[in-house]
Amino acid sequence: MRDGFIRLIVTTNFDRLMENALRDESVEPTVVASVDALAGAVPLAHSQCFVLKLHGDYKDVRSLNTDEELVSYPGEYDRLLDRIFDEFGLIVCGWSGEWDHALRAAILRCPNRRYSMFWAARDGGVTPRADDLVKYRQGIVIPITDADSFFGALQQRVEVLCKREICRT
């Protein structure tokens, strides 16, 4: 994110670890954890770092957590997710694909596959529902041991490509 290769994070986590880690790297994120925050947020196209916290924030009592609450999202979130899954590639890490019905529905709603989907899973094992999403999006499952090692190795590979002037920031 600091170098502009990733500009958007969609998370189901309530904590603020992502935002804190970004700030530790001198990246100030646009954080959207509610529909009213979305209404006042900088548009995706103008944000260096956009963090969408689909389930809310732990300090906000309106967070979504139960099966009943995760059946559907507000229309504003659905429209944003439709744009995200249409206009961005997707790296999934740390989500089983099992419990968030609305997020699964948003991924399945996207009619095109113009950008790739990569699903990082411990030892390459994905749940049946995750496998359905991977197949639908014609994604690739990447076996990993843990998220830190995966993203660290990804960062190193991107940096090597940049040193060889294969990529641009």
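Values in this text are rule-based calculations from the coordinates and carry no lab data. As the structure is a prediction and not an experimental result, all values here were calculated from the model. Here Cβ is always computed from backbone atoms with ideal geometry, including for glycine, and neighbour counts include all displayed protein chains.
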Extension gain, ARG122 back to CYS93 (0.36 nm per residue minus Cα-Cα distance, nm): 9.5 nm
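Mind checking segment 92-165 for trypsin sites (Lys or Arg not before Pro) that DSSP puts in a loop (not H, G, I, E or B) and that have at most 16 other Cβ atoms within 10 Å?
Values: sites: ARG104, ARG109, ARG113, ARG114, ARG122, ARG129, LYS135, ARG137, ARG157, LYS163, ARG164; in loops: ARG113, ARG114, ARG137, ARG164.
Within segment 92-165, the qualifying trypsin sites (Lys or Arg not before Pro) (loop, at most 16 other Cβ atoms within 10 Å) are ARG113, ARG114, ARG164.
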Out of all DSSP beta bridges in the chain, what portion is antiparallel? Express it as a percent rounded to 5. 0
For a quick check: with amide H placed at 1.01 Å from N, whose amide H comes under 5 Å from CYS49's, ignoring anything fewer than 5 positions away on the same chain? THR30
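Which of the three applies to segment 1-75, rounded, prolate or oblate, going by the alpha-carbon gyration tensor with a ≥ b ≥ c and a/c under 1.5 meaning rounded?
Taking the square roots of the gyration eigenvalues as a ≥ b ≥ c, segment 1-75 is prolate.
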Given (1) 109; (2) 133; (3) 124, which label gives volume of the Cα convex hull per residue in Å³ as computed from the coordinates? (3)
Once you've got the GNM for the chain with C-alpha springs shorter than 10 Å, pick whichever of VAL134, VAL71, VAL92 has the biggest mean-square fluctuation. VAL71
